[in-house]
């Protein structure tokens, strides 16, 4: 059952201050609306319970990536595509870039935001494990002020976050001294359906091969190694032997192989050897 679109209300605040004032004035009434990739799924399925939304998509205060010698700060409206294209993030925070690359389709990556992925609190999200690895901090802002909280204590349970009424996620801060050179593998058909991450050693493919390539799980050599491994586990590998039929030719290369199977060729016995006469 689809939702009735005229039953919903969407407003666009003038700036961040205006949005925070509305959230403080009517707590629990307005829900922030950023990229909308998760909300549109609920709307299409008829399961979107909230009725009033504030579009924060065009607020400049929530956009941009700031790099300092000590930290990299990603504002809440940073999209997955922007994360993938950022050279410093790809070099120092490869796990986060891989998570962004595995999130949905290209359209979802162009619209989906890092702050929205955190605030949605989905257990199948791709970015939270990367943020835990890099010891991220979150900046929460409201009409009453600003506070920083560590991400490792931000989750309280299923769909439960340490956010107060009227608060928004303004930025995500990553310490540069915590950046690790790791890769990850997302198990399942796509990132939204599984959400399992696995770190693997650099220099090895995701399936254990020693091929030195960046995207091990998509390389041709690694796919061949994985297929060979799966065949061996299932016992499907058979050694190919070249046998010979009664005609003396190799059955694999003989053009008359079918005829030989139907009509076996019987060889005549060789003539007996004559004994040498003694003079």
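The values are calculated or read from the model by the stated rules, or taken from the named source; none is laboratory data. As the structure is a computational prediction, the values presented were derived from the model and not from experiment. Quick reminder, even Gly has a Cβ in these numbers, built from the backbone with ideal geometry, and neighbours come from all protein chains shown.
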Failed condition for residue 177, given (1) more than 23 Å from residue 113 (Cα to Cα); (2) modelled with pLDDT under 50: (2)
Test for residue 79: is it within 29 Å of the chain's Cα centre (by Cα) and closer than 27 Å to residue 143 by Cα: yes
Failed item in (1) part of a loop (DSSP other than H, G, I, E, B); (2) closer than 21 Å to residue 111 by Cα, with residue 27 passing the rest: (2)
Residues satisfying the stated conditions in the stretch 149-163, i.e. surrounded by 11 or more Cβ atoms within 10 Å (Cβ to Cβ) and in contact (Cβ under 8 Å) with a residue 12 or more places away in the chain: 149, 150, 151, 152, 154, 155, 161, 162, 163
Of all residues making up the stretch 132-146, the number that are within 15 Å of residue 168 (Cβ to Cβ) and assigned to a strand (DSSP E or B): 7
When residues of the stretch 41-63 are limited to those that are part of a helix (DSSP H, G or I) and exposed (fewer than 13 other Cβ atoms within 10 Å of the Cβ), the one modelled with the lowest pLDDT: 44
Checklist (1) within 16 Å of the chain's Cα centre (by Cα); (2) not in a helix (DSSP H, G or I) applied to residue 69, failing item: (1)
Matching option when the condition is at pLDDT 95 or above and either under 18 Å from residue 169 (Cα atoms) or surrounded by 13 or more Cβ atoms within 10 Å (Cβ to Cβ) (or both), among 96, 23: 96
Selection count where residues are touching a residue at least 60 places away in the same chain (Cβ under 8 Å) and closer than 12 Å to residue 129 by Cα, scope the stretch 97-109: 2
